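Only one structure is covered here, and it is reproduced in the block below.
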Amino acid sequence: MKPFFKQAFSYFLQGLLLVTPLAITIYILIELIVLIDGLIPFNLFPGAGLLIIFVLLSLLGLLGNTIILRPIKVAFQQLLNRAPLIKTIYQSISDLLTAFVGQKKKFSQPVIVILSDESNLQRLGFVTQDDLSILGISKEKVAVYLPHSYNFSGNVFIVDSKNVKPINAKSSDVMKFIVSGGVSSFDEDDEKDLTV
């Protein structure tokens, strides 16, 4: 009987850990809204405090991004310009992270690449550049990033565009599938759309 109570208490603590942060966050937000609604000399409408909190936080984000963050970015860029090797490493890592999660996502076009006509060997990857003319490479070729399994590395190949077939699937699901070595499955909705 003792193990049952021990297990039940363990589940209780896990439930408490899940609910407590959410409950505290909701409580603080409600208290802030009530406080701000009480500070307004005239009653605009119920929940006006929520709107005021949203506007104030947005302004704080704007100020932080322009007045506070911009000088730090400029100083950091000047420091990087004095150390070209560190700048190259930093910029490469920054570009890679931005390609995955930034506003300028690069791995947005999943494809299957035919690596060899003789063996019909194919790999999953992502088109990263459609136009390589700046490198003096013909328009029939594209740059394709082929990630490695169980790793966050990969190689860039210049491939004939006729050997690159788009996949109708979410980039995140394709990346998860590649990195997991093909173990991860696609969502049921995505499996229906997974066509070449």
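Read-outs throughout are calculated quantities, based only on the coordinates presented, and are distinct from any laboratory measurement. Small disclaimer: the values here were computed from a predicted structure and weren't measured. Positions of Cβ are backbone-derived with ideal geometry, glycine not excepted, and every protein chain shown enters the neighbour counts.
Using 0.36 nm per residue of separation minus the Cα-Cα distance, give me the extension gain between S116 and L16 in nm, one decimal.
30.4 nm
Over its Cα atoms, what ratio of radius of gyration to 2.2 N^0.38 Å does segment 1-40 give?
1.93
Would you compute the Debye intensity of segment 116-160 from its alpha-carbon atoms alone, equal scatterers and no solvent, and pass along log10 I(q)/I(0) at q = 0.20, 0.24 Å⁻¹ to two decimals?
-0.72, -0.89
Calculated FRET efficiency, I86 and S184, Cβ-Cβ r, R0 35 Å, to nearest 0.05?
The calculated FRET efficiency here is 0.50.
For a quick check: with amide H placed at 1.01 Å from N, whose amide H comes under 5 Å from G154's, ignoring anything fewer than 5 positions away on the same chain?
Here H148 satisfy the definition.
Which order do the peptides 111-119, 162-170, 140-148 take when ranked by the mean count of other beta-carbon atoms within 10 Å per residue, highest first?
140-148, 162-170, 111-119
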